[in-house]
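J.: My questions will all concern the structure given below.
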Amino acid sequence: MPDHSSRSDSSIVNRRDWLKRTTGAVGGAALGAAFVAPEASAAPAVQTSASTGTRVATPNDVVETTAGRVRGFIRNDVHIFRGIPYGDTTGGTNRFQPAKKPAPWTGVRSSTSWGPCCPQVARGGWANDEEQFLYQWDDGFPGEDMLRVNVWTPAVNDNGRRPVLVWIHGGGFQTGSSQELRPYDGARLASQHDAVVVSLNHRLNVFGFLDLTQVGGSAHAQSANLGMLDLVLALEWVRDNIARFGGNPGNVTIFGQSGGARKVSTLLAMPAARGLFHRAAVFSGSHLRQNTPDQTARQARAVLAQLGITGSDLRRLHEVSAADLVSAATAAQASLTPGVGWGPVVDGRVLPQHAFDPAAPAISAEVPLLVGNTFAEFGGGMGKPDVLTLTFDGLRAQLEPTLGARTADAIAAYRRTFPSARPFEIAAVITGTRAYRLSAITMADLKSTQAAPVYMYWFGWNTPVLDGRPLAFHCQDLAFWFDNIDLAAQATGGTDDARDLAAKMSGAFVAFARTGNPNHPGLPTWPGYAAASRPTMVFENERASVKNDPDREARALVG
């Protein structure tokens, strides 16, 4: 099956270009300044605040983990823990090696503040006013001791058997963190839906995916997939510890969006992850094919060349500063033609095969799947105030370099599918289709041949913010899945209809996590997916409704 996960056209912001634009590429002294940071000290106890409903944890709220006791804080009756180590530092001699379990500690560890995130390039999106306004990023602070989990739960030490939702952040395999976007906050899923939410940081980019196997031999046998193996270690932490946080280790759902969805896609095909989760949700990031050893070997050689390190002197990799590694990796990526993105590799061991090519992975045949994407993804009018002036003649000119002779038929088909859509809206839905919907359909088709049910959605709720130009943009649906409309009001508008749809979507998601079926009284019946009819729950401003293969004719003309 073809991999459509990175498809683009001339009217579309390519995923890799978008990542470069939103993460930027800096080097030299700027990186040095950005990434030299002291170890985080233990945060002081949170003080009671009547306005926020936040209070200090009592001795009864301390939780015993396999490495030691932790104390978080309570806000609006949700117990919150941040920055709990699930692994040892990945710096020094541990760099480019499989993660180790955390060293045990004595006493009670204060766990009220975010831990470090993986060192990465600085985010270029800060320079774009409308992106900054909508996303409201929190980039945290970098450090190689970044293997940390965060937990939101209604209660601790209560023998609860709540569904556990493990969130894996986006940013490709290159950037991001568990705190970067406001919708990632798990408090409402915990308080309103009686669930336990876990999020985490792990190794990214050169730290998590530098393939040294062809130059470093057995000493670096798993180096190409360390970032994914970190996720396995985090899931093992959940298995071993989450019961004390009120969760059921036998009912774990992994979910991610964009790059996080690509990680979920890959975990479905990893033998080491088998049995550590029981359901999976892939939001805007179906990842069918992973890197191959020839690609990642070329990538590694380029990084080593930038550092002036040979295969016989790999010990120097443990001595290079994190800032210099990021700088060298950035320069190496820019030098590769054709390019090679950071990410997992089919190495025959950690990842025996491509996740969904030619078939869905047999090892996760019993895992129910929720999959879909947004209408517009990267194709809306964020940062493009003149997009409303696009005409249908202009749309044809915009699409012809990519669609050629199919252009007129494709536009006509989308106008039949969306009769009231303006030209820029049709351009946007074509963008979203080529970016992720094609691969989501392929993933669902393949997975639906297995025993576990599949549920397909398509998110088309258009924000009222910025004259509605951003449409149903990439990441917009997260505020709805997490039920965080007001926390992300600059992107959602904080409207009543947004809250209503969020109640439907978050309720469906937690129902799926709890039972493997997203149906609940707030939605019309959501049937399981079958390739013959492709039933799809379409979330729009006015309603949520099921449509069978709603864009079949149009989609065939842009694939």
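The values are calculated or read from the model by the stated rules, or taken from the named source; none is laboratory data. Predicted model, so just to flag it, every value in this text is computed and none were measured. Methodologically, a virtual Cβ is constructed for each residue, glycine included, from the backbone with ideal geometry; neighbour enumeration extends over all protein chains shown.
J.: crowded, with 20+ Cβ neighbours inside 10 Å and of a type in the set (Ser, Thr, Tyr): which single residue out of Thr402, Thr431 fits that description? Write out each step before concluding.
T.: Working: Thr402 fails: crowded, with 20+ Cβ neighbours inside 10 Å.
Selected residue: Thr431, the only one of Thr402, Thr431 that is crowded, with 20+ Cβ neighbours inside 10 Å and of a type in the set (Ser, Thr, Tyr).
J.: When you go through Thr266, Thr253 one by one, which is the residue that is in contact with a Leu (Cβ under 9 Å, 6 or more places away or on another chain), part of a helix (DSSP H, G or I), closer than 24 Å to Gly176 by Cα and among the hydroxyl-bearing types (Ser, Thr, Tyr)? So that I can check it myself, show each step before the final result.
T.: Working: Thr253 fails: part of a helix (DSSP H, G or I).
Answer to the check: Thr266.
J.: Next question. Could you please tell me which pairs satisfy a Cβ distance under 6 Å, a separation of 6+ or placement on different chains, a first residue in the stretch 239-254 that is closer than 19 Å to Phe512 by Cα, and a second residue that is among the polar types (S, T, N, Q) and not in a helix (DSSP H, G or I)?
T.: Gly246/Thr153
J.: Next question, about the same structure. Please go through the stretch 107-135 and give me each residue that is small (Gly, Ala, Ser), closer than 22 Å to Gly383 by Cα and part of a loop (DSSP other than H, G, I, E, B), ordered by number. Break it down into steps so the answer makes sense when it comes.
T.: Filtering the stretch 107-135 for residues small (Gly, Ala, Ser) gives 107, 110-111, 113, 115, 122, 124-125, 127.
Going one step further and asking which of them are closer than 22 Å to Gly383 by Cα, we end up with 122, 124-125, 127.
Residue satisfying the conditions is Ala122 alone.
J.: Select the helices (runs of 4 or more DSSP H) contained entirely in the stretch 166-242, then report the ones holding at least 2 residues which are surrounded by fewer than 22 Cβ atoms within 10 Å (Cβ to Cβ).
T.: Numbers: elements: 187-193, 205-209, 213-216, 226-241.
By residue number, 187-193, 213-216, 226-241.
Residues checked against (1) farther than 13 Å from Met456 by Cα; (2) surrounded by 18 or more Cβ atoms within 10 Å (Cβ to Cβ); (3) among the small types (Gly, Ala, Ser):
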{"residue": "Thr492", "(1), (2), (3)": "yes, yes, no"}
{"residue": "Phe509", "(1), (2), (3)": "no, yes, no"}
{"residue": "Arg514", "(1), (2), (3)": "yes, yes, no"}
{"residue": "Pro518", "(1), (2), (3)": "no, yes, no"}
{"residue": "Ala532", "(1), (2), (3)": "yes, no, yes"}
{"residue": "Asn541", "(1), (2), (3)": "yes, no, no"}
{"residue": "Ser545", "(1), (2), (3)": "no, no, yes"}
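J.: So, one more: I need the full set of residues from the stretch 156-165 which are surrounded by fewer than 22 Cβ atoms within 10 Å (Cβ to Cβ) and not basic (Lys, Arg), in order please.
T.: Result: Asn157, Asp158, Asn159, Gly160.
J.: Between a first residue in the stretch 441-457 that is on the phi > 0 side of the Ramachandran plot and a second residue that is at pLDDT 95 or above and charged (D, E, K, R), which pairs have beta carbons less than 7 Å apart while being 6 or more apart in sequence or on different chains?
T.: none
J.: Of the residues Gln333, Gln299, which is surrounded by 18 or more Cβ atoms within 10 Å (Cβ to Cβ), within 19 Å of Arg203 (Cβ to Cβ) and modelled with pLDDT under 95?
T.: Just a single option satisfies the conditions, and that option is Gln333.
J.: List pairs: first residue in the stretch 407-419 and modelled with pLDDT of 95 or more, second residue surrounded by 14 or more Cβ atoms within 10 Å (Cβ to Cβ) and of a type in the set (D, E, K, R) anywhere in the structure, Cβ distance under 6 angstrom, at least six positions apart or on different chains.
T.: Thr407/Arg396; Thr407/Glu400; Ala413/Glu553; Thr417/Asp551
J.: Mind telling me which of the residues Pro104, Pro98 ends up being surrounded by fewer than 23 Cβ atoms within 10 Å (Cβ to Cβ), of a type outside the set (Val, Ile, Thr), touching a Leu at 6+ places or on another chain (Cβ under 7 Å) and assigned to a loop (DSSP other than H, G, I, E, B)? Let's see the steps before the verdict.
T.: Details: Pro104 fails: touching a Leu at 6+ places or on another chain (Cβ under 7 Å).
The conditions single out Pro98.
J.: Another one. Give all pairs with beta carbons closer than 6 Å in which a residue from the stretch 77-96 that is more than 28 Å from Val56 (Cβ to Cβ) and among the polar types (S, T, N, Q) meets a residue that is at pLDDT 95 or above and surrounded by fewer than 22 Cβ atoms within 10 Å (Cβ to Cβ); count only pairs at least 6 apart in sequence or on separate chains.
T.: Thr89/Glu144; Thr89/Asp145; Thr90/Glu144
J.: What number of residues in the stretch 365-418 are more than 24 Å from Trp458 (Cβ to Cβ), part of a helix (DSSP H, G or I) and not hydrophobic (A, V, I, L, M, F, W, C)?
T.: Residues that pass the stated criteria total 7.
J.: Here is a further query. Kindly provide the set of residues from the stretch 328-359 that are part of a loop (DSSP other than H, G, I, E, B), free of Cβ contacts under 8 Å to residues at least 60 places away in the same chain and small (Gly, Ala, Ser), ordered by number. So that I can check it myself, show each step before the final result.
T.: Pass one, the stretch 328-359, residues part of a loop (DSSP other than H, G, I, E, B): 336-344, 346-359.
Among the residues that remain, those that are also free of Cβ contacts under 8 Å to residues at least 60 places away in the same chain are: 336-338, 340, 346, 348.
Within the stretch 328-359, just Gly348 meets the criteria.
J.: Acidic (Asp, Glu), crowded, with 24+ Cβ neighbours inside 10 Å, within 26 Å of Leu399 (Cβ to Cβ) and touching a helix residue (DSSP H, G or I) at 6+ places or on another chain (Cβ under 9 Å): is that true of Asp483 in this structure? Steps first, please.
T.: Values: acidic (Asp, Glu): yes; crowded, with 24+ Cβ neighbours inside 10 Å: yes; within 26 Å of Leu399 (Cβ to Cβ): no; touching a helix residue (DSSP H, G or I) at 6+ places or on another chain (Cβ under 9 Å): yes.
In short, no.
J.: A follow-up question, please. Could you run through the stretch 304-327 and say how many residues are within 28 Å of the chain's Cα centre (by Cα), in a helix (DSSP H, G or I) and surrounded by fewer than 23 Cβ atoms within 10 Å (Cβ to Cβ)? Walk me through it before giving the result.
T.: Within the stretch 304-327, the first condition is being within 28 Å of the chain's Cα centre (by Cα), and the residues that meet it are 321-327.
Still in the running and in a helix (DSSP H, G or I): 322-327.
Right, trim to surrounded by fewer than 23 Cβ atoms within 10 Å (Cβ to Cβ) and you get 323-324.
Qualifying residue count for the region: 2.
J.: Separate question: Testing Pro44 on (1) over 30 Å from the mean Cα position of the chain (by Cα); (2) modelled with pLDDT of 75 or more; (3) not polar (S, T, N, Q), one condition comes back false. Which one is that?
T.: (2)
J.: What about Asp467, is it modelled with pLDDT under 95 and over 21 Å from the mean Cα position of the chain (by Cα)? Working first, answer last.
T.: Numbers: modelled with pLDDT under 95: yes; over 21 Å from the mean Cα position of the chain (by Cα): yes.
In short, yes.
J.: Something else about it: Of the conditions (1) surrounded by fewer than 17 Cβ atoms within 10 Å (Cβ to Cβ); (2) of a type outside the set (Asp, Glu); (3) in a helix (DSSP H, G or I), Thr442 clears all except one; give me its number.
T.: (1)
J.: Here is a list of conditions, (1) at pLDDT below 95; (2) under 25 Å from Asp445 (Cβ atoms), and Leu369 meets all of them except one; can you say which number that is?
T.: Among (1) at pLDDT below 95; (2) under 25 Å from Asp445 (Cβ atoms), Leu369 violates only (1).
J.: Those residues that are part of a loop (DSSP other than H, G, I, E, B), within 30 Å of Leu403 (Cα to Cα), small (Gly, Ala, Ser) and touching a residue at least 60 places away in the same chain (Cβ under 8 Å), I need them from the stretch 513-559; list them, please. Write out each step before concluding.
T.: Going residue by residue through the stretch 513-559, those that are part of a loop (DSSP other than H, G, I, E, B) are 516-534, 540-543, 549-551, 559.
When the remaining residues are screened for being within 30 Å of Leu403 (Cα to Cα), the result is 529-534, 540-541, 549-551, 559.
Still in the list and also small (Gly, Ala, Ser): 530-533, 559.
Result: Ala530, Ala531, Gly559.
J.: Kindly provide the set of residues from the stretch 376-393 that are surrounded by 23 or more Cβ atoms within 10 Å (Cβ to Cβ), closer than 12 Å to Asp467 by Cα and not small (Gly, Ala, Ser), ordered by number.
T.: Matches in the stretch 376-393: Met382 only.
J.: If you take the residues in the stretch 243-269 that are among the small types (Gly, Ala, Ser), in contact with a Pro (Cβ under 8 Å, 6 or more places away or on another chain) and over 17 Å from Ala365 (Cα atoms), which one is surrounded by the most Cβ atoms within 10 Å (Cβ to Cβ)? I'd like the intermediate steps shown before the answer.
T.: The initial filter retains those residues of the stretch 243-269 that are among the small types (Gly, Ala, Ser), namely 243, 246-247, 250, 256, 258-261, 265, 269.
Okay, now just the ones that are also in contact with a Pro (Cβ under 8 Å, 6 or more places away or on another chain), so 243, 246-247, 269.
Cutting the leftovers down to over 17 Å from Ala365 (Cα atoms) gives us 243, 246-247.
Numbers: Ala243: 19, Gly246: 24, Gly247: 26.
This residue is Gly247.
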